[in-house]
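The values are calculated or read from the model by the stated rules, or taken from the named source; none is laboratory data. Just so you know, these numbers come straight off a predicted model, no measurement behind them. Every residue, glycine as well, gets a Cβ built from its backbone with ideal geometry; the counts of neighbours run over all protein chains shown.
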Amino acid sequence: METNKSENKWNETVHRPFAQTFFHGTKADLKIGDFIKIGINSNYGQKNKAKYIYLTATLDAAIWGAELALGEGRERIYLVEPSGTIEDDPNLTDKKFPGNPTKSYRSKDPFKVVGEITIWQGHSPEQVKAMKGGLTKLKEQGIEAIED
C-alpha cells in the first residue's frame with residue numbers, strides 16, 4: 001500500500017511515547033474533549049467563516065497564535081490531536097518561512113482538545129506591538145493574514 005508522503009495522517013488515537021504534540025493558540029474558552037472545527041468565525045483577518053483550522057508543533061508559534069487572535073478573551077494554548085489529514089500552512093511556509101521551520105499546519109478535519117498549557121511566557125510587549133504593526137501594514141496593502 002502506497003502512502004502520500006506530502007500529507008501527514010494522524011487518524012489514530014493511539015497514545016505512544018514520543019508522539020507528536022500539537023498546539024493551538026487562541027482566545028476561545030474551550031474544554032478538554034471539545035472539537036475545534038471549520039465553519040466558525042476565524043480568530044484572524046476579517047473574522048470570516050474559517051475554511052481551515054490551524055495548529056503547530058512549536059510552542060512559540062502557538063504563543064503567537066494566542067497573542068494575535070482577535071477578541072477580548074484570555075490568551076490560551078491548547079494541546080490538540082488532529083482527527084484527519086494535516087498539510088503545511090501555506091500562509092507561512094510558502095510566503096514567509098520556506099521549509100516550515102514554524103511547523104505550522106492546517107486542516108479541514110476537526111482537532112480534539114486534549115489539554116491546555118497553563119504556564120507559558122508570552123513575547124515582550126514590544127515584539128507583539130511590532131508584529132501587530134506589521135500585520136496592520138499588510139492589511140492596508142490589501143494582504144490578509146490568512147488566505148484560504
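Observations, loosely collected:
- Whichever residue in region 108-131 is part of a loop (DSSP other than H, G, I, E, B) and without any contact (Cβ under 8 Å) to a residue 60 or more places away in the chain and, among such residues, is nearest to residue 83 (Cα to Cα): 109
- Qualifying residue in region 98-113 (condition: surrounded by 15 or more Cβ atoms within 10 Å (Cβ to Cβ), hydrophobic (A, V, I, L, M, F, W, C), at pLDDT 95 or above and in contact with an Asp or Glu (Cβ under 6 Å, 6 or more places away or on another chain)): yes
- Residue check for residue 64: in contact with a strand residue (DSSP E or B) (Cβ under 6 Å, 6 or more places away or on another chain) and modelled with pLDDT under 95: no
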